[in-house]
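Participant: One structure, pasted below without further comment.
The values are calculated or read from the model by the stated rules, or taken from the named source; none is laboratory data. Because the structure is predicted, anything quoted here is derived from the model rather than measured. Ideal geometry is used to build each Cβ from the backbone, glycine not excepted, and the neighbour counts take in all protein chains shown.
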Amino acid sequence: MSDIVIISGSPSELSRSEKLLQYIGSTMRKEHYSVTFISIKDIPAEDLVQGNYESPVLQQITQHIQEASGVIVGSPVYKAAYSGVLKALFDLLPQDVLYDTYVLPIMTGGSPSHMLAMDYALKPLVSTMKGLPLKGLYYIDSQLDKHQENPIIDEEILDRTKKQLFYFLEKIGLKKSISNATIR
C-alpha cells in the first residue's frame, strides 16, 4: 500500500505536467512517504480504447488507488478540460474508486484563462468518482521549466505548492511536514 498515488494524465513524452508530478512524487519520497506514480502512458492503449474493464493493469491501478491514503491527479489543459486519455482511464475505473479519499488536483495550462478547467472539469470528475477534491494547484507554462530537476521556477507558486502539499498531507492524516530544504 502506498501513502500517496499520483496519476499523470499527460500523453506527451516530455510534459510540464508529468515533470511537475514526478517532482512532487520525488519530494514526497524524500520525506519518507510511500508513493505510487501512475502515468497514462504506462497503460496499454488498447485497454483504454477498447474499454477493457478486465485489464490486469487497470485492476492493479484500482487497487493502488483504493488502498492509498490520498491521491494527486494532474493533467495539462486540453480544450478547456483534462486530457481525453485521463478521462478514458477514469471511465474504466469503478464509480466509487475515490470513495472518501482526499484528492489534490493539479493542472497546467498556457495562460490563466484556462484555470477554470480545474473547477469545471477536473474537480467534478473527482467528485463523480466519490472523491473529496481539495483546492488544487494550477500552473501557467511560464511558471515551469520541464528541463530542471525542480520544474517550479516561480517563487509565488512554489510557496503555494508547499502550502497545498502540507494541507493535503494534513487532510489525509500524514502530518509530517514538507521541509523547506526538500522543496526549493
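Yes/no matrix, rows are residues, columns are (1) modelled with pLDDT under 95; (2) among the charged types (D, E, K, R); (3) within 17 Å of I6 (Cα to Cα):
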position	(1), (2), (3)
I140	no, no, no
E155	no, yes, no
D159	no, yes, no
I172	yes, no, yes
S177	yes, no, no
T182	yes, no, no
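Participant: Sticking with this one: Across the stretch 1-15, what is the number of residues that are more than 20 Å from V126 (Cβ to Cβ) and crowded, with 22+ Cβ neighbours inside 10 Å?
Facilitator: Matching residues across the stretch 1-15 total 1.
Participant: Need pairs with beta-carbon distance below 7 Å; first residue without any contact (Cβ under 8 Å) to a residue 60 or more places away in the chain and aromatic (F, W, Y) and within the stretch 135-156, second assigned to a loop (DSSP other than H, G, I, E, B) and surrounded by fewer than 21 Cβ atoms within 10 Å (Cβ to Cβ); sequence gap 6+ or separate chains.
Facilitator: Y138/M115
Participant: Test L169 against the criterion of being in contact (Cβ under 8 Å) with a residue 12 or more places away in the chain and surrounded by 19 or more Cβ atoms within 10 Å (Cβ to Cβ), and give yes or no.
Facilitator: Yes; evaluated as a whole, the condition is true for this residue.
Participant: Name the residues in the stretch 30-58 that are over 15 Å from the mean Cα position of the chain (by Cα) and either at positive phi or of a type in the set (K, R) (or both), would you?
Facilitator: The answer is K30, H32, G51.
Participant: Right, next: Kindly check whether there is at least one residue in the stretch 98-109 that is under 28 Å from Q63 (Cβ atoms), at pLDDT 95 or above and among the acidic types (D, E).
Facilitator: For the stretch 98-109, residues under 28 Å from Q63 (Cβ atoms), at pLDDT 95 or above and among the acidic types (D, E): present.
Participant: So if I check each of V103, V77, which one is in contact with a His (Cβ under 7 Å, 6 or more places away or on another chain) and aliphatic (A, V, I, L, M)?
Facilitator: After ruling out the rest, the residue left standing is V77.
Participant: Also, quick follow-up: Test T62 against the stated conditions and say whether it is among the polar types (S, T, N, Q) and in contact with a His (Cβ under 9 Å, 6 or more places away or on another chain).
Facilitator: no
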